[in-house]
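Written below as structure tokens is the structure these notes are about.
The values are calculated or read from the model by the stated rules, or taken from the named source; none is laboratory data. Owing to the predicted nature of the structure, the values given are computational and were not obtained by experimental measurement. FYI the Cβ positions are ideal-geometry reconstructions off the backbone, even for glycines, and counts take in every protein chain you see.
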Amino acid sequence: MDNTINFFGFLAIAINLGSIAFIAGILFQIIVVVKYNKPWTWGKLTFLLIATRVVSLALTILIWKYWFLPFEMMQGPVLIPAMIAEIIACPIMLRLFKHSIFNKPTALV
């Protein structure tokens with residue numbers, strides 16, 4: 001019995017299992033861009049979301065490959081490597097796209 005998988009099969013599994021984390025990351029970035037950046041465009045927002053998901057998916061696969069922690073990767077419906085990748089990728093990509101959430105103080109009023 002052959003227990004191998006090709007890269008595209010593994011990529012499809014990572015997208016499927018990490019979909020909840022990816023959707024949560026998309027919602028977080030949309031809220032940040034729309035709320036804290038007044039002059040935004042749909043094109044720039046779409047490019048930001050796609051670029052972040054590509055980086056996040058690459059990080060998810062990397063974290064999944066070198067998983068060393070003693071507990072399972074799936075905690076309920078959430079893939080933990082995808083959640084870790086989203087926590088890393090979202091702020092970095094917002095910073096690279098020069099969104100002003102990191103530069104100006106905001107009041108919570």
TODO: Just name the residue that is surrounded by the most Cβ atoms within 10 Å (Cβ to Cβ) out of those in the stretch 20-58 that are polar (S, T, N, Q) and touching a residue at least 60 places away in the same chain (Cβ under 8 Å).
DONE: 29
Task: Every residue from the stretch 10-61 that is of a type in the set (Ser, Thr, Tyr) and within 19 Å of residue 92 (Cα to Cα) - done: 36, 46, 52, 56, 60
Open item on the list: Kindly evaluate residue 12 against the criterion of being small (Gly, Ala, Ser), touching a residue at least 12 places away in the same chain (Cβ under 8 Å), in a helix (DSSP H, G or I) and at negative phi.
Closed with: no
TODO: All but one of (1) loosely packed, with under 14 Cβ neighbours inside 10 Å; (2) under 24 Å from residue 7 (Cβ atoms); (3) without any contact (Cβ under 8 Å) to a residue 40 or more places away in the chain hold for residue 70, so report the exception by its number.
DONE: (2)
Open item on the list: If the requirement is being in contact with a Cys (Cβ under 9 Å, 6 or more places away or on another chain) and of a type outside the set (A, V, I, L, M, F, W, C), which of these qualifies: 52, 46, 60?
Closed with: 52
- [ ] Mind counting the residues in the stretch 52-89 that are modelled with pLDDT under 90 and more than 13 Å from residue 14 (Cβ to Cβ)?
- [x] 10
Task: Subset tally (residues that are of a type in the set (Ser, Thr, Tyr) and not in a helix (DSSP H, G or I)) for the stretch 31-48 - done: 1
